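One structure is given here, and the rest of the page talks about it.
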Amino acid sequence: MKLNEVLHRITTIYNELEEECFQYIGAVINENAELDISRLEELSTLLNFVYECSQDVLVSSILTKLDYGQPIYQFAMLKPISLEGNEDKLDILYEEKVKVERAILDVYTAQRKKLLTQAAEDLKELHYELQTYVYACNI
């Protein structure tokens, strides 16, 4: 892959992240923020390629935030749990099923809020650094 193709794809991913996530991360954390793990993994791969070519400090900082185990990655990995498709395996009454689904949703919502809170500062920094990098590459 050529460097200019990589930079173009990084710009595209940045724009997608801006639309789905960055615009919602502000002083107050908004529940609409979404983060697709496949985008983060692709972005990390592309930035690793760029880093191998340039040893850029900004790229290194961005890669650190995207590392496995970091709050941004953990937030992106969180997926809701559903009982859909498992009804035949469940031997519970309807009211109990609704209670279990509500409890699962409450746990997911609390975990999502916790992970988003932990990732918020890194997401703000990632937004700024990616914005700076994309701008610098397009000059």
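The values are calculated or read from the model by the stated rules, or taken from the named source; none is laboratory data. Computed from a prediction, not measured in an experiment: that's the story for all the values here. Cβ sites come from the backbone with ideal geometry, for glycine too, and all protein chains shown count toward neighbours. With ligands, DNA and RNA removed, areas are computed over all heavy atoms of the protein, side chains included. Shrake-Rupley method; radii C 1.70, N 1.55, O 1.52, S 1.80 Å.
Screening residue 47 with (1) in a helix (DSSP H, G or I); (2) among the hydrophobic types (A, V, I, L, M, F, W, C); (3) more than 24 Å from residue 7 (Cβ to Cβ) gives one miss only, at (3). Taking every residue in segment 116-139 that is farther than 21 Å from residue 5 by Cβ and pairing it with any residue that is in a loop (DSSP other than H, G, I, E, B) and not small (Gly, Ala, Ser), at least 6 positions away or on another chain, the pairs with Cβ-Cβ distances below 7 Å are 122/70; 123/21.
Taking the condition in a helix (DSSP H, G or I) and either under 20 Å from residue 135 (Cβ atoms) or open to solvent by 30 Å² or more (accessible area, probe 1.4 Å) (or both), does residue 81 pass?
Details: in a helix (DSSP H, G or I): no; either under 20 Å from residue 135 (Cβ atoms) or open to solvent by 30 Å² or more (accessible area, probe 1.4 Å) (or both): yes.
Judged against the criteria, residue 81 is not a match.
If we keep just the residues of segment 34-61 that are over 17 Å from the mean Cα position of the chain (by Cα) and of a type in the set (D, E, K, R), which is modelled with the highest pLDDT?
Taking segment 34-61 first, the residues over 17 Å from the mean Cα position of the chain (by Cα) are 48-60.
Still in the running and of a type in the set (D, E, K, R): 52, 56.
Details: 52: 88, 56: 83.
Filtering segment 34-61 for residues that are over 17 Å from the mean Cα position of the chain (by Cα) and of a type in the set (D, E, K, R), the one modelled with the highest pLDDT comes out as 52.
Being modelled with pLDDT of 85 or more and closer than 24 Å to residue 124 by Cα, is that true of even one residue in segment 86-106? Looking for residues that are modelled with pLDDT of 85 or more and closer than 24 Å to residue 124 by Cα, one finds none in segment 86-106, hence no.
The C-beta contact set for segment 1-21 (first residue outside any helix (DSSP H, G or I), second residue open to solvent by less than 40 Å² (accessible area, probe 1.4 Å) and modelled with pLDDT under 90, distance under 9 angstrom, 6+ apart or interchain) comprises 21/33; 21/35.
Looking only at residues in segment 27-43 that are open to solvent by 30 Å² or more (accessible area, probe 1.4 Å) and not acidic (Asp, Glu), the one that is nearest to residue 132 (Cα to Cα) is 39.
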